[in-house]
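Below is one structure, written out as structure tokens; comments come after it.
The numbers here are math on the coordinates, done by the rules we state, and not lab data. All values reported here derive from a predicted model rather than from experimental measurement. Neighbour counts run over all protein chains shown; Cβ positions are idealised from the backbone, glycine included.
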Amino acid sequence: MKNIFVRELFWLVLGSVLSLFLSFIFLGLLSLTSAEETLNSIEKIFTVQLYIIGCFVSLVSIYIFRIIVKAVKNYL
């Protein structure tokens with residue numbers, strides 16, 4: 001039981017760190033631009049919201065990918 005808890009905690013921390021980097025890639029793919037040289041306050045808030053959404057989507061995607069890999073390993 002302790003090994004399972006430690007392994008899941010490890011994956012949670014690793015997935016969280018990876019999701020931070022993947023959300024930057026997500027924002028880079030969107031290539032947000034503004035008509036002005038700097039972003040106004042609404043655009044800044046929108047960008048932060050997109051970053052948070054990217055973090056959650058990346059974390060969920062990492063866990064789904066992990067589950068699929070584990071299922072394939074057990075099947076083979």
Relative contact order (percent) for the chain, with alpha-carbon contacts under 8 angstrom and 6 or more residues of separation? 46
Cα gyration tensor of the chain diagonalised, 5x eigenvalues square-rooted, in angstrom largest first, produces semi-axes 35, 14, 7
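Which order results if Leu59, Leu29 are arranged by neighbouring Cβ count within 10 Å, fewest first? Walk me through the numbers on the way to the answer.
Values: Leu59 18, Leu29 8.
Fewest-to-most ranking of Leu59, Leu29: Leu29, Leu59.
Once fully extended, how much extra length lies between Ile67 and Phe24, figured as 0.36 nm per residue of separation less the alpha-carbon to alpha-carbon distance? Let's see the in-between values first.
Working: separation 43, 0.36 × 43 = 15.48 nm, distance 2.38 nm.
Here the segment from Ile67 to Phe24 would lengthen by 13.1 nm.
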